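For reference, the structure discussed in these notes is given below.
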Amino acid sequence: MQPLNSGDLIIEHSQRGPETIRLDWKGRSNARRPDEVINPFLSDVLAQARSGTAEIEMHFETLEYLNSSTVGVLVQFLHRARAGGVPLSFNYSPNVRWQKLSFEALRVFEQMDHRVRVIAVTGA
């Protein structure tokens, strides 16, 4: 699968064995309508995960900026992954203030479904 390159955002796709799909978010997600570009990419990743019963790890540790429109896309994707039974983790750097604020807010979903994890990665 090719990486997503859109404006200032890059999402690199890699697979660690058949059980884990890793997405590394880099650059800046600052598009006004990120759903138009990100949703088709994430739909392909979700289909791949469902066909191989893999979990999805999203890594944001090196992402420089994430706007609120992109947070909405992530929440929608989280619901789609949950509905499809696909385990999903959000990995972020707790040392970056905006990342801590954005991703700690997603912890409510951990309580709703054990397949959703929000992970603070120290040393990132």
Pick from Arg50, Arg80, Arg97: which is over 11 Å from the mean Cα position of the chain (by Cα) and under 23 Å from Gln111 (Cβ atoms)?
Arg80
Of all residues in the stretch 54-72, count the ones that are surrounded by 15 or more Cβ atoms within 10 Å (Cβ to Cβ) and of a type in the set (Ser, Thr, Tyr).
2
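Collect the residues in the stretch 18-29 that are at pLDDT 95 or above, touching a helix residue (DSSP H, G or I) at 6+ places or on another chain (Cβ under 8 Å) and within 19 Å of Gly85 (Cβ to Cβ), keeping them in residue-number order.
Taking the stretch 18-29 first, the residues at pLDDT 95 or above are 20-29.
Filter once more, so that each one left must be touching a helix residue (DSSP H, G or I) at 6+ places or on another chain (Cβ under 8 Å): 21, 23, 29.
Ile21, Leu23 - these are the residues of the stretch 18-29 that are at pLDDT 95 or above, touching a helix residue (DSSP H, G or I) at 6+ places or on another chain (Cβ under 8 Å) and within 19 Å of Gly85 (Cβ to Cβ).
So, in the stretch 84-124, of the ones that are aliphatic (A, V, I, L, M) and touching a Leu at 6+ places or on another chain (Cβ under 8 Å), which residue ends up nearest to Leu66 (Cα to Cα)?
First pass over the stretch 84-124, keeping only residues aliphatic (A, V, I, L, M): 86, 88, 96, 101, 105-106, 108, 112, 116, 118-121, 124.
The next check asks that each one be touching a Leu at 6+ places or on another chain (Cβ under 8 Å); those that pass are 86, 88, 106, 116, 118.
On the way: Val86: 23, Leu88: 19, Leu106: 14, Val116: 20, Val118: 16 Å.
Here the answer is Leu106.
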Index of the failed condition, Val75 passing every other in (1) in contact with an Asp or Glu (Cβ under 9 Å, 6 or more places away or on another chain); (2) within 26 Å of Glu36 (Cβ to Cβ); (3) exposed (fewer than 15 other Cβ atoms within 10 Å of the Cβ)
(1)
Conditions (1) at pLDDT 95 or above; (2) assigned to a strand (DSSP E or B); number of the one not met by Gln15:
(1)
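Within the stretch 43-52, how many residues are among the hydroxyl-bearing types (Ser, Thr, Tyr) and over 20 Å from Asn91 (Cα atoms)? If you could, list the steps in order and put the result at the bottom.
We begin by selecting, within the stretch 43-52, every residue among the hydroxyl-bearing types (Ser, Thr, Tyr); these are 43, 51.
This time we only want the ones that are over 20 Å from Asn91 (Cα atoms), so: 51.
So the count comes out to 1.
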Restricting the stretch 1-42 to residues that are touching a strand residue (DSSP E or B) at 6+ places or on another chain (Cβ under 8 Å) and polar (S, T, N, Q), which is farthest from Ser93 (Cα to Cα)?
Gln2
Conditions (1) free of Cβ contacts under 8 Å to residues at least 24 places away in the same chain; (2) within 18 Å of Val118 (Cβ to Cβ); (3) in contact with an Asp or Glu (Cβ under 6 Å, 6 or more places away or on another chain) -> Glu104 fails only (3)
Kindly indicate whether Ser29 is touching a Pro at 6+ places or on another chain (Cβ under 8 Å), touching a residue at least 24 places away in the same chain (Cβ under 8 Å) and not aliphatic (A, V, I, L, M).
no
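Within the stretch 1-17, track down each residue that is hydrophobic (A, V, I, L, M, F, W, C), under 17 Å from Ala47 (Cβ atoms) and touching a Pro at 6+ places or on another chain (Cβ under 8 Å).
At the first step, the residues of the stretch 1-17 found to be hydrophobic (A, V, I, L, M, F, W, C) are 1, 4, 9-11.
This time we only want the ones that are under 17 Å from Ala47 (Cβ atoms), so: 1, 4, 11.
Within the stretch 1-17, just Ile11 meets the criteria.
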Candidates Gln99, Gln48 - the one that is crowded, with 19+ Cβ neighbours inside 10 Å and within 22 Å of Ser14 (Cβ to Cβ):
Gln99
Would you confirm, using the coordinates I've provided, whether Val37 is part of a loop (DSSP other than H, G, I, E, B) and either of a type in the set (Val, Ile, Thr) or more than 22 Å from Thr122 (Cα to Cα) (or both)?
no
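The values are calculated or read from the model by the stated rules, or taken from the named source; none is laboratory data. The structure displayed is predicted, hence computed values, not measured ones. Here the Cβ is made from the backbone with ideal geometry for all residues, glycine too, and neighbour counts use every protein chain on show.
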